[in-house]
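Undergrad: Dumping the structure here so I can ask a few things about it.
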Amino acid sequence: MAYTDPFNVGLDNLVASLGTITGLRVVDDPKFINPPCVFVDAPSFTAYNFNIAEMDVPVQIIGVGPADLNGLRAILANVAKVLAHNVAVTDGQPALFSTGGQDFAAYNMTVKMKVQGTWPS
């Protein structure tokens, strides 16, 4: 089933845009997380009126290997690729990402985007 509401269209557009960055594998479903990758998570939002909202989308850059200097540098290189791609990253901070009983070094970022359109009724 294709979701055509503004929230889903906005997320699909972000995933597609990030997916064009050379060397980054982008996933938006937690069952497909396999580091190293970029994970686009569920957004929070603020609605302005009946057809415009602003979404804050968590984007995690997940590394592989030990959380040492080399791992950090590889993650920061991918953070720089996302920033250079001209998406509205508003903040970022180092983090630990846990999946399948394993912990991975990561960077959490927030991408801000406005969506608008007709909400399904």
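Undergrad: Show the residue pairs meeting these rules: Cβ distance below 6 Å; 6+ apart or different chains; first residue within the range 83-108 and surrounded by 10 or more Cβ atoms within 10 Å (Cβ to Cβ); second residue of a type in the set (D, E).
TA: L96/D103
Undergrad: Here is a follow-up. Quick one: would you say G71 is surrounded by 12 or more Cβ atoms within 10 Å (Cβ to Cβ) and touching a Gly at 6+ places or on another chain (Cβ under 6 Å)?
TA: yes
Undergrad: With β-branched (V, I, T) and either at pLDDT below 95 or within 30 Å of S121 (Cβ to Cβ) (or both) as the only criterion, which of T4, T90 stands out?
TA: So the residue among T4, T90 that is β-branched (V, I, T) and either at pLDDT below 95 or within 30 Å of S121 (Cβ to Cβ) (or both) is T4.
Undergrad: Could you list, in sequence order, the residues of the range 28-44 that are within 18 Å of M55 (Cβ to Cβ) and β-branched (V, I, T)?
TA: Residues satisfying the conditions are V38, V40.
Undergrad: Right, here's the next one. G71: within 16 Å of P36 (Cα to Cα), assigned to a loop (DSSP other than H, G, I, E, B), out of contact with any Asp or Glu (no Cβ under 9 Å at 6 or more places or on another chain) and not aliphatic (A, V, I, L, M), yes or no?
TA: no
Undergrad: On to the next question. Look through the range 34-67, keep the residues that are β-branched (V, I, T) and over 16 Å from N78 (Cα atoms), and return whichever of them is surrounded by the most Cβ atoms within 10 Å (Cβ to Cβ).
TA: Out of the qualifying residues, it is V57.
Undergrad: Also: Out of the range 109-121, which residues are in contact (Cβ under 8 Å) with a residue 60 or more places away in the chain and touching a Gly at 6+ places or on another chain (Cβ under 7 Å)?
TA: Within the range 109-121, M113, V115 meet the criteria.
The values are calculated or read from the model by the stated rules, or taken from the named source; none is laboratory data. Note that the structure is a prediction, hence the values are computed from the model and not measured. Reconstructed Cβ throughout: ideal geometry from the backbone, glycine too, with neighbour counts over all protein chains shown.
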